[in-house]
Amino acid sequence: MENEEGRKEPKVSGNCRSAAMLLPLLLGLLEASGALGGCVEVASGTEAVLGAPFRLLCIACKRRSETPAEAESEWFFRPEGAPQFEKILHYSPEEGEWVAPGPFLGVISWNGSRGTRDLQDLSVWLAEVKRAHAGHYVCRLKRNLTFEGYTYSLARNQTLKLAVVEKARRDLASIVSEILMYVLIVVLTLWLAAEMLYCYRKVAAASPPPDSASEYLAITSESKENCGGVQAAE
């Protein structure tokens, strides 16, 4: 392609376009690996080490963040072999937390959302895990959504089973996924650097210098035409 001055513009290859399109994707991967944003519902861990602290994770995202809401949370526990669940904790933004007497008194505490009337993080904290804390847990959310003219109430339960072990064991799937993520980032970074270097060299080679032979010939031919016109006038 030629511009208005007659100089040929270098063509951009498909590889260069692909590299430019993948640059935002790579930057997004790098940001996602080091930052968290918004509300994401993540499953809680299921193994706690005996004598160590542990966080029972419970996330209940609100689908429409612009809708005003008020919420409260309850936690229930059933030991292995027990017939029914028993309430162990209640939390509301107005009243704070309440812990039932028993094996969780002085051990469990609220570790979720604070400073807001709507709760999306309903997690609790176990200061010291004991054998008696192994069993089934239910995290219950009660939320009131306020719309124009009416209020909609909903309840939601999340169930998890906690096992108490002597020594921590890391999940093999999480190890493999983390390794693959970093390998993918490194490979994409190296490939993108090589593509950008290749495109830079190709564009530099295709762009003629200002005093190139083509411009010299064009100026020489124009000078000859001007001289011919002057001689004809004489």
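Distant-in-sequence amide contacts of Gly112, defined by a placed amide H-H separation under 5 Å and a gap of 5 or more residues or a different chain, comprise Ser123. Write out the GluC sites (Glu not before Pro) in segment 67-174 meeting two conditions: DSSP loop, and at most 14 other Cβ atoms within 10 Å of their Cβ. Filter output for segment 67-174: Glu80, Glu94, Glu95, Glu128, Glu148, Glu166.
For Phe104, Phe76, Phe85, give the ranking by accessible area with the largest first, probe 1.4 Å. Before the final figure, lay out the partial values.
Numbers: Phe104 5, Phe76 30, Phe85 80 Å².
Descending order: Phe85, Phe76, Phe104.
Put simply, the amide H of Val164, placed in the peptide plane, has neighbours under 5 Å in Ala48, leaving out anything fewer than 5 places away on its chain.
Taking Cα centre as origin and charging only the Cβ of basic (Lys, Arg, +1) and acidic (Asp, Glu, -1) residues, the dipole magnitude of segment 85-131 rounds to 200 debye. Working note: Karplus 6.51/-1.76/1.60 with θ = phi - 60° gives segment 75-91 the couplings 10, 10, 9, 9, x, 4, x, 7, x, 8, 7, 10, 6, 10, 7, 9, 9 Hz, where Gly and Pro are set to x.
Can you tell me the FRET efficiency between Val183 and Asn144 if r is taken as the Cβ-Cβ distance and R0 is 30 Å, rounded to the nearest 0.05? Here the calculated transfer efficiency is 0.05. Of the residues Ala132, Thr151, His90, the one whose Cα sits farthest toward the positive end of the charge dipole of segment 71-175, with +1 on the Cβ of Lys and Arg and -1 on the Cβ of Asp and Glu, is Ala132.
Remark on Leu119: its backbone amide H falls under 5 Å from those of Ala71, a criterion applied only to residues 5 or more positions apart or on other chains, H modelled at 1.01 Å from N.
The values are calculated or read from the model by the stated rules, or taken from the named source; none is laboratory data. This one's a predicted model, so the numbers in the text were calculated from it and none came from an experiment. Neighbour counts run over all protein chains shown; Cβ positions are idealised from the backbone, glycine included. We work out accessible area using only protein heavy atoms, side chains counted, and drop any ligands, DNA or RNA first. Shrake-Rupley method; radii C 1.70, N 1.55, O 1.52, S 1.80 Å.
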